[in-house]
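Visitor: This is the structure I want to talk about, given as structure tokens.
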Amino acid sequence: MACLDDDVVAAYVDGALTVGQVTAVETHLAMCDTCRKDVSALAVVQTMSAQADPADALELIPGDRIGRYVLSAERARGAMSIVAVAADPELGRDIAIKVLRPELSAHLLRAEARVMAKLSHPNVVAVHDVGEHAGRVYVAMELVDGVDLRRWLAVEPRSRRDIIAVMVEAAKGVAAAHDKGIVHRDIKPENVLCGPGDRVRVTDFGLASYAVDAATGVTGTPRYLAPELWAGQPATAKSDQWSFCVTLYEALTGKPPFEADSVAALRAAIERGATNVPGQILQRGLAKDPAQRWASMHELAAALSASQRPRKTWLVGGALALLGVVAFFAMKRRPENPCEVPASLIDNAWNRSAIDAAFAASNRPSAADGARRVDENLDAYGKKWRTARIESCRDARVDGTAAGHAVYEARTRCLDRRRNDLEALARLLSTAPDASVIDHAVEASLALPSLATCDPTAVQAEVIQPLDAALQPRVDAIDRELAATRAMVLKESAADEAIKKARALVADARAIGYSPVIARAAKLLAHLSTEATDQDAAEHDLDEALVATAAAHDDRGTAEVWTDRIVFLAMTRGAPQRAMELAVAADAAVVRVGSPADLLTRLQHARGVAAFERDDNAHAVTYLTSARDHETDPLDRAAIDIALGSVEMRLGHLPEAHERMTTAIAAMEKQLGPQHHQIGLALMSLGSLESDMGNYPAARKAFVRSIDLIRKGLGEQHVAYALALSNLGMVESRGGDAAKAREYLTEAITRLGALHHRDEYMALANLGNLERRLGNTDAANAAWNRALKLARDAHDASTERVERALYSLGAIASDADQLDTAMAAFQEALPLAIAEHGENHLRSIEVIDSIGLVYLQKDQCARAVPFMNRAVAASVAVYGADDPNVARSLSTLGECMMKSGDRAAIAQLERALAIYDTHPVLPADNGYLHWVLAQATWKFDGAKGHARAIEYATKARDLYNADPNDAYALGMARDVDRWLVGKR
Amino acid sequence: MLLAHLDVRRDEVSAISDLRAVLDAQHTAIAEALPTLELSDELYLTHLAHRVTQRADEPADRVIRTMHAADLYLAAACAEGEPAAIAVFEATLVPPLRRALTKLSAASSTLDESVQRVVIMVLVGDGKPPQIAGYSGRGTLTSWLRTIAVRTTRRMLGTEQSQATTDDDEIAALPSAVRDPELELLRVRYRDTVRAAFAAAFASLETRERNVLRQYHIDGLTIDQLAALYRVNRATTARWVAGARLAVVKATRDQLVTAAGVPAGEVDSVIRLVRSQLELSVRDLAV
């Protein structure tokens, strides 16, 4: 093939050819490397002269490689950099890639970024890698799916509490970087990323560092720059702190502390310093002299965090109870693999348009969405079925032996049964969909029996015992009936009927005497039974099923029943102890059939929940993580995540728990639609977490939505409804409507009591706390005494629950001035608390503190002092020496020492004063300290101390008067006043 | 007048109603562009008539109207060996040519030699008739000359040979960027399958898509250069590249699933591999 003529090439490059000629040329180019390269070379030569600014020329095209990363989409193009999303083929994850402008000094930048890559902190966007591409430096970073602080503030009004919570996390991130010697240099709202969940991350460490702004002659964003940087000094951790505080100021007040029309004016404003800065934290952080600022970001973070630490009250975590319910609905899974077999074979089993029409006719609000999801799920099941069918025949062909053929036959029959299941469900969905059927349809479509039930090892029973051809029609009939029965439970009104039917089918199967079909029937009966109300009958049916599967040599069936049994015990029966004991046997059964993923994950999930219920967090994490790792179904993974999140919550990893739960709920919504009761169950855990984090409005919102979904999806008789009531009552009792709270909790107690549910304790505890807050001593006592009895009598007695009940009873008695009763209860609680948590734990501190206070009230200060000293020591161990909690304990210690005539009291009180001076503190706490100081100074310092004592007392009175809603503090203010009158 | 020089296409040319005006305008343009030459209408019309005859696949009207008249005149005069024309040629066309070629080679000796060779080929002929006679006036003389120079230089540098496809399986021989052992296994297992699927997928692209992908990946043209070459906005070429890439990956996937029967569970990993090594795969495809 002759190459193109020079003249033609020139005309092509010049664009002087006709359309037909162009096509001819390009066709030639597609076949002729030489000519194409000639043209390419010409294109290079031609555009060389017309080269634009190379800095703007970088085009990031999806599919391009930067380093080892493959770009997928450009996200943002800024003055300094381009940000894109890319895939990391090596690690199979998506990352964010930031390509910087060439003028950012590559060498220095890379040195810094390399240090960053070594920094791993939950509040810092991780830097994975740094490299060069087309002469530019790029930074590969963790891909964060959140919004920056500015947007986060803009999308909805945020409470001060929420803002501070975010900034505390951000401060921790900056502090961690400072620890490694990394200075951020450009802290501003744009570099604080919020979400997903409550996760907060600081990004772009050091990236702005070397971009000197032409207008200002300095680096960074002018509005956030510390005064010393304007003077040309290098950036430090202290200048970062300034920028952080400007950001905090802006986030809290809605406007920046320094504003001006020009850079020069801005500089002048910053150098003048800020006026009217609210609060000591910001005042210190925005001190002009870096030496006057907080010593480190750690200190700032601690102060900020302490500023919103709530008064210690015991929050009853409802989530503890809820896992079982969530996991109760654990689904079944199935593996996969493709090939070819007529699709009609499975597609004929169901009729999409019939389902759509039946749903549409139902007028249920979620019907259209539900029908779509159901169609998708059935379609997916059909595809997997087809795959399994093909694989089965391939295996047989490869094997070629008679035994192989027997396995193939058994598998095919098994798959026929799965087709029956699909058909039965579809028939139910398209002919008689009442409200309950429609509401549960999506779930049911996901819960069709796993196709792993037809794996070669799973069908051994039938291979060993081939069926007499004469019996085939009768067995087939039973199998079809079994499928119809399995589908039937979907109809709420037919659940009992389904069990009856299954029981009859077991009898029919026994009449035929073919053990594999007996095992199948018994297995279904047991499975249905575990979801019914009669739990004793369920245990019996499980036993029977185990015998039947064993008799049939149906190992897979045995493993299934064992798994059902553990799930039942752990999640439905609320018998974690037995679940854990029997799990060993279940494990053996599952291992025996080769640990199929569908059974293994269900079992591990159930064991994790059981461990959690038994407060064995370490094992809970192990089992749940293992289940999660092997789980392929997004819905089940979400259920496991809710459980894992609850463990994290209990371990105090609240932001992680929050992120995990919200992500899991989003996944559930994607799978099930927003109206499903499973989401209601998950929301109970989330709500409990929110309430643990002090976000009561969010908690309330979650619980309200949750109870609504549960009522609609499961009905009021369901245990989940009772738990939801309990949770709603709990959150209402906190700043909500007390009367409603009482109503909810009382109803929850009745319902849970009738079910003998162990979380009747939780509802009682919440009611007891509510009544105590309302001052109803008798009602509070009654609730807590009942709770104490439950905790003691429980099959799996919980030390923690007994201890909490005793502590609460002590506190109620102490409120009512029944000091001896109180002391007895606290003394009984103390060894339990220490046994459970050790001395250095906030629960133990609470009890020790309380004992000290009761002695104080009884005027037995000599006895009180050792307890107060223990409380101080433990507080120092738990919170650190410089913490308001320590100061609170020191205040009471000081009072005791003063009362027992020990002048060293003043030293302790001054220690407390020093802590309060540098931390935000509740006025009432500070008032108490000043009040004790006043009395101590008056007592020990004689006449020369009188003036100071009066000064302290005056301050104490003002502090006590600060909150007009705090009746106790106002009463104290009057006491102080009276004292002052007497002294003047 | 022009008709007098034509043996063929006379009817077509005589049908151009404003022929006179067009030729007058061209005359003026030539006079302005080449003030130092003594113009001969005869020379121009002879050559114009020759181009009309030569470019038989285009309408005569288009040939005449789009004619780069001054360029054609200069070429014609050079072909006639007119010293003044050759002087203009050497003064105005050769220096920019040398500058343009620096993109192809850094060595100035190579460039000097190349330019010298081109000038001889074009103006003198070196045994054959001088190539300048072959200039059709479709594109500019500058482009035409540059085309010859670029091709000559490339042949001189022997750039072609180095581009010959090696027998090595580049995908397999690649010190893989992907160190995942599972992928490594897939890479080995499906090497030939992927290559065949990729070739089939690539062949299913439109001609221009194939060219653009090769020019982008093999020839190293930037998006701007592609945009200039195809006379479209850079956003358009960017879209072309991305679209073609997407299309080839998608087609490869289809090929792997339908024709090669790669299991669904593995095909995504294989595709991940293809995507990460797309550049190499395109390069691997000899034309």
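The values are calculated or read from the model by the stated rules, or taken from the named source; none is laboratory data. Everything quoted here is computed from the prediction, not taken from an experiment. Note that each Cβ is placed from the backbone with ideal geometry, even for glycine, and that neighbours are counted across all protein chains shown.
Visitor: In segment A:486-503, which residues are in a helix (DSSP H, G or I) and touching a residue at least 60 places away in the same chain (Cβ under 8 Å)?
Guide: Selection gives A:Arg486, A:Ala487, A:Met488, A:Glu492.
Visitor: Among the numbered criteria (1) buried (at least 21 other Cβ atoms within 10 Å of the Cβ); (2) small (Gly, Ala, Ser); (3) closer than 27 Å to A:Arg870 by Cβ, which one does A:Ser900 miss?
Guide: Going through (1) buried (at least 21 other Cβ atoms within 10 Å of the Cβ); (2) small (Gly, Ala, Ser); (3) closer than 27 Å to A:Arg870 by Cβ one by one, A:Ser900 breaks only (1).
Visitor: Next up: Which residues, counting only those in segment A:516-561, are buried (at least 24 other Cβ atoms within 10 Å of the Cβ), under 37 Å from the mean Cα position of the chain (by Cα) and among the acidic types (Asp, Glu)?
Guide: A:Asp541, A:Glu560, listed by residue number.
Visitor: Are there any pairs, at least 6 apart or on different chains, whose C-beta atoms fall under 6 Å, with the first in segment B:186-204 and touching a residue at least 12 places away in the same chain (Cβ under 8 Å) and the second in a helix (DSSP H, G or I) and surrounded by fewer than 16 Cβ atoms within 10 Å (Cβ to Cβ), and if so, which?
Guide: What qualifies is B:Arg191/B:Ala172.
Visitor: Can you tell me which of A:Arg413, A:Arg427, A:Arg389, A:Arg373 is buried (at least 17 other Cβ atoms within 10 Å of the Cβ) and farther than 29 Å from A:Ser515 by Cα?
Guide: On inspection, the qualifying residue turns out to be A:Arg373.
Visitor: Here's another thing I want to ask about it. List the residue pairs whose Cβ atoms are under 9 Å apart, where the first residue sits in segment A:230-249 and is on the phi > 0 side of the Ramachandran plot, the second is modelled with pLDDT under 90 and not in a helix (DSSP H, G or I), and the two are 6 or more positions apart or on different chains.
Guide: Between residues of segment A:230-249 that are on the phi > 0 side of the Ramachandran plot and residues that are modelled with pLDDT under 90 and not in a helix (DSSP H, G or I), the close pairs are A:Gly232/A:Gly217; A:Gly232/A:Val218.
Visitor: If you don't mind, there's one more thing I want to ask. If we keep just the residues of segment A:652-664 that are modelled with pLDDT of 90 or more and under 14 Å from A:Gly195 (Cβ atoms), which is surrounded by the fewest Cβ atoms within 10 Å (Cβ to Cβ)?
Guide: Among those residues, the one meeting the criterion is A:Thr663.
Visitor: If A:Val731 meets every condition in (1) closer than 21 Å to A:Gly574 by Cα; (2) in contact with a Phe, Trp or Tyr (Cβ under 6 Å, 6 or more places away or on another chain) apart from one, which number is that one?
Guide: Among (1) closer than 21 Å to A:Gly574 by Cα; (2) in contact with a Phe, Trp or Tyr (Cβ under 6 Å, 6 or more places away or on another chain), the lone unmet condition for A:Val731 is (1).
Visitor: Then there is this: I'd like the residue in segment A:903-912 that is surrounded by fewer than 19 Cβ atoms within 10 Å (Cβ to Cβ) and of a type in the set (A, V, I, L, M, F, W, C) and, out of all such residues, is farthest from A:Ala953 (Cα to Cα).
Guide: A:Ala904
Visitor: Would you confirm whether any residue within segment A:552-559 is in contact with a helix residue (DSSP H, G or I) (Cβ under 6 Å, 6 or more places away or on another chain) and without any contact (Cβ under 8 Å) to a residue 24 or more places away in the chain?
Guide: No, that holds for no residue.
Visitor: Quick one: how many residues across segment A:718-765 are part of a loop (DSSP other than H, G, I, E, B) and either buried (at least 24 other Cβ atoms within 10 Å of the Cβ) or touching a residue at least 40 places away in the same chain (Cβ under 8 Å) (or both)?
Guide: Within segment A:718-765, residues that are part of a loop (DSSP other than H, G, I, E, B) and either buried (at least 24 other Cβ atoms within 10 Å of the Cβ) or touching a residue at least 40 places away in the same chain (Cβ under 8 Å) (or both) number 6.
Visitor: Just wondering, is there one or more residues in segment B:33-56 that are more than 14 Å from chain A (Cβ to nearest Cβ), among the charged types (D, E, K, R) and in a helix (DSSP H, G or I)?
Guide: yes
Visitor: Residues being without any contact (Cβ under 8 Å) to a residue 40 or more places away in the chain and farther than 16 Å from A:Leu725 by Cα: count how many of those fall in segment A:680-696.
Guide: Of the residues in that region, 1 qualify.
Visitor: Please enumerate the residues belonging to segment B:209-258 that are farther than 20 Å from B:Thr147 by Cβ, touching a helix residue (DSSP H, G or I) at 6+ places or on another chain (Cβ under 9 Å) and among the basic types (Lys, Arg).
Guide: B:Arg210, B:Arg234, B:Arg245, B:Lys250, B:Arg253
Visitor: For segment B:136-145, how many residues meet the condition of being under 17 Å from B:Val88 (Cα atoms), crowded, with 24+ Cβ neighbours inside 10 Å and either more than 7 Å from chain A (Cβ to nearest Cβ) or at pLDDT 90 or above (or both)?
Guide: Total meeting the criteria: 2.
Visitor: What's the number of the condition A:Ser595 fails, among (1) of a type outside the set (Phe, Trp, Tyr); (2) surrounded by fewer than 20 Cβ atoms within 10 Å (Cβ to Cβ); (3) in a helix (DSSP H, G or I); (4) more than 21 Å from the chain's Cα centre (by Cα)?
Guide: (3)
Visitor: Next question, about the same structure. Say whether the condition of being surrounded by 17 or more Cβ atoms within 10 Å (Cβ to Cβ), touching a residue at least 40 places away in the same chain (Cβ under 8 Å) and more than 21 Å from A:His405 (Cβ to Cβ) is met by at least one residue in segment A:453-469.
Guide: No, segment A:453-469 contains no residue that is surrounded by 17 or more Cβ atoms within 10 Å (Cβ to Cβ), touching a residue at least 40 places away in the same chain (Cβ under 8 Å) and more than 21 Å from A:His405 (Cβ to Cβ).
Visitor: Counting just the residues of segment B:23-57 that are touching a Lys or Arg at 6+ places or on another chain (Cβ under 9 Å) and surrounded by fewer than 17 Cβ atoms within 10 Å (Cβ to Cβ), which one comes out farthest from B:Ala77 (Cα to Cα)?
Guide: B:Ala56
Visitor: Could you check, for segment B:181-202, whether at least one of its residues is under 21 Å from B:Ala247 (Cβ atoms), under 23 Å from the mean Cα position of the chain (by Cα) and either among the β-branched types (Val, Ile, Thr) or modelled with pLDDT of 80 or more (or both)?
Guide: There is at least one residue in segment B:181-202 that is under 21 Å from B:Ala247 (Cβ atoms), under 23 Å from the mean Cα position of the chain (by Cα) and either among the β-branched types (Val, Ile, Thr) or modelled with pLDDT of 80 or more (or both).
Visitor: Take A:Ala175 and decide whether it is touching a residue at least 60 places away in the same chain (Cβ under 8 Å), part of a helix (DSSP H, G or I) and over 18 Å from A:Ser81 (Cβ atoms).
Guide: It is true that A:Ala175 is touching a residue at least 60 places away in the same chain (Cβ under 8 Å), part of a helix (DSSP H, G or I) and over 18 Å from A:Ser81 (Cβ atoms).
Visitor: So, one more: Please go through segment A:1-50 and pick out each residue that is in contact (Cβ under 8 Å) with a residue 24 or more places away in the chain, loosely packed, with under 15 Cβ neighbours inside 10 Å and among the aliphatic types (A, V, I, L, M).
Guide: A:Met1, A:Met31
Visitor: When segment B:117-135 is examined, which residues are found to be facing another protein chain (nearest Cβ under 9 Å) and not in a loop (DSSP other than H, G, I, E, B)?
Guide: Passing the criteria: B:Gln131, B:Gly134.
Visitor: One residue is enough: does segment B:24-36 have a residue meeting the conditions under 30 Å from B:Ala87 (Cβ atoms), of a type outside the set (Val, Ile, Thr) and in contact with a Gly (Cβ under 6 Å, 6 or more places away or on another chain)?
Guide: Within segment B:24-36, none of the residues are under 30 Å from B:Ala87 (Cβ atoms), of a type outside the set (Val, Ile, Thr) and in contact with a Gly (Cβ under 6 Å, 6 or more places away or on another chain).
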